[in-house]
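Working notes, beginning with the structure itself.
The values are calculated or read from the model by the stated rules, or taken from the named source; none is laboratory data. Keep in mind that this is a model prediction, so the values were computed, not measured. Positions of Cβ are backbone-derived with ideal geometry, glycine not excepted, and every protein chain shown enters the neighbour counts. SASA here: full protein model, heavy atoms, side chains in, ligands and nucleic acids out. Shrake-Rupley method; radii C 1.70, N 1.55, O 1.52, S 1.80 Å.
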Amino acid sequence: MYTVPKLTDYSAAALDKAVAELLGALEAEIKALTADSDLRSFRDRWLARKNGVLAQVNELWLKPAPQDAKKLVGARVNQLKEVVQPQVERLSLYDLVDSRKPGLDRLREEDWKQRRQSVLELRWAAERLDITLPGVRRPLGAQHPVIRTMNEIVAVFRNLGYSVSEGPEIESDYYNFESLNFPPHHPARDMQDTLFIGGQESKALRERLLLRTHTSPVQIRTMEKMKPPLRIVIPGKVHRNDPPDASHSPMFHQIEGLAVDTNITFRDLKGTLDHAMKALFGSSAKTSFRPSFFPFTEPSAEMMVSCFICGGTGKRGSEPCRPCKQTGWIEILGCGMVDPNVYGFVDYDPKKVSGFAFGMGADRIAILKYGVDDIQLFFNGDVRFLEQFG
């Protein structure tokens, strides 16, 4: 009967010899088994936690091994476990199944020999596995269409000298609203529009936590840490209390930008965004700015870009162009000059500096770019949909 030896030589050749001897002993014991053998005792002898053969291998080979040999010994011990354990358990399983069915005859000798042979073949197959070969490389997927769109937009602004800033998704009311010039009773502060974290009624309003509704808080956090000039682009995930449908999601992605320096004007804003849209949608893209309102910019505007699907004609062949609603223009982002009140929260002097900010929804741009008709498709995790973008 096999006894696990103590090792004095921990070279690769000595370890391979010891492994071969152990596997040979296992094969001999399996061949000696018959249908009437006590398979439970056989299983305990090899797999018992305290004194089984595998437990002794761990105690007598791995634990006393020198530090520089532990990695090599550990690989051999793991190899043994992967080979021995399934063989012993497979044989023991037949006995367990048979013993749980009183009244049935034990396995016939011929049937037992066939089953025992299949276990031996399993061992031989395992021995033919060369564990020194490189592993099978996991196939890599493609970028998610929203992430790809975000990276493309960020790359455009990085080429213009903007750096990337990020911030927490769980924000305080102060950073998400107050410091961005939202008045105390602005509708966006209502729980119908914003996802607040519960159990904060005892806190002051500015300290209450919420899931950020835009990436604008990162603008404030960056201006608190840095003095002008600064130019940043801010990609990130945001949350709003919107029921999910084809065009809305309670979670979506935004990319915002901020530039603050001396003598920045609205012309700088228009020139920067016009260049960015041409870089994204082609040199033939045209831009148009229309007055709007945002609490943190003044003046504010919505920027339209000529429809890159119909080429600004409003028609796709003989059919109307649905993405631009036949107008030839698509609203792409909101922007404006930073309101001087915002500078008061970050200790900037509005008499010396000026700046502009802009923000766009990456999901919306991805929808338009890839012709997707339901934003929920981006987040359902359906591989059949996502692999189209591989």
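Taking 18 Å as the straight-line reach from the Cα of Lys31, the lysines in range (excluding those fewer than 8 positions away in the same chain) are Lys113.
Here the chain is treated as an ellipsoid with the same Cα gyration tensor; its semi-axes, largest first and in whole Å, are 68, 27, 23. When the helices of the chain are scored as -39500 (n - 2.57) per DSSP H run of n ≥ 4 and the total is divided over every residue, the value at 222 nm lands at -11500 deg cm²/dmol.
For the residue pairs Lys17/Lys81; Lys237/Lys270; Lys50/Lys81; Lys286/Lys325; Lys227/Lys351, the C-alpha atoms sit more than 20 angstrom apart in Lys237/Lys270.
Please report Rg over Rh for segment 126-263, where both radii come from the alpha carbon positions and Rh follows the Kirkwood definition.
Value, to two decimals: 1.17.
What is the list of residues in segment 293-322 whose amide nitrogen lies under 20 Å from a point 7 angstrom out from the Cα of Lys270, following Cα to Cβ? Residues 293-294, 297-307 qualify, since their backbone N sits under 20 Å from the label point. Note on Asn380 and Gln192: the model spin-label points, each 7 Å out from Cα along the C-beta direction, lie 3.0 nm apart.
Report the charge-dipole magnitude of segment 191-300 in Debye, nearest 20, computed about the Cα centre from +1 at each Lys and Arg Cβ and -1 at each Asp and Glu Cβ.
Values: 15 positive and 11 negative charges, 58 e Å.
It comes to approximately 280 debye.
Between the alpha-carbon centres of segment 192-234 and segment 341-376 there is a gap of 14 Å. At a 1.4 Å probe radius, carbon and sulfur cover how many percent of the accessible area of the chain? Here it works out to 52 percent.
Taken about its Cα centre, segment 185-242 carries a charge dipole of roughly 360 debye when the Cβ of each Lys and Arg holds +1 and the Cβ of each Asp and Glu holds -1. The residues of segment 252-312 have, on average, 45 Å² of accessible surface per residue, using a 1.4 Å probe with all protein chains present.
When the residues Phe294, Phe385 are ordered by accessible surface, computed with a 1.4 Å probe over the protein chains alone, the sequence from largest down reads Phe294, Phe385.
When the charge dipole of segment 260-333 is built from unit charges on Cβ atoms (+1 for Lys and Arg, -1 for Asp and Glu) and taken about the Cα centre, the candidate among Ile264, Ser318, Cys307 whose Cα reaches farthest toward its positive end is Ser318.
Length gained on full extension, Asn241 to Lys31: 68.8 nm, using 0.36 nm per residue less the C-alpha separation.
Would you be so kind as to identify which of Tyr348, Val238, Leu273 lies farthest towards the positive end of the dipole of the chain, taking Lys and Arg as +1 and Asp and Glu as -1 on Cβ and the Cα centre as origin? Positive-end residue among those listed: Leu273. What you get for the chain, charging only the Cβ of Lys and Arg (+1) and of Asp and Glu (-1), is a dipole of about 600 debye around the Cα centre. Here each label is just a point 7 Å from Cα along the line to Cβ, and for Val136 and Gln388 those points are 3.0 nm apart.
Put a dot 7 Å past the Cα of Lys286, heading toward its Cβ, do the same for Lys225, and the two dots end up 4.2 nm apart.
Cβ distances below 4.7 Å define possible disulfide partners, and in the chain the cysteines left without one are Cys335.
Over the chain, with a Gaussian network built from C-alpha contacts below 10 Å, which listed residue (Ala55, Ala357, Ala188) shows the highest mean-square fluctuation? In this elastic network of the chain, the residue with the biggest mean-square fluctuation among Ala55, Ala357, Ala188 is Ala55.
Return the loop-located trypsin sites (Lys or Arg not before Pro) in segment 1-76 (DSSP other than H, G, I, E, B) with at most 12 other Cβ atoms within 10 Å of their own Cβ; answer none if there are none.
Working: sites: Lys6, Lys17, Lys31, Arg40, Arg43, Arg45, Arg49, Lys50, Lys70, Lys71, Arg76; in loops: Lys6, Arg49, Lys50.
Passing both the DSSP loop test and the Cβ count: Lys6, Arg49, Lys50.
Rolling a 1.4 Å probe over the protein heavy atoms leaves Ser249 with an accessible area of roughly 10 Å².
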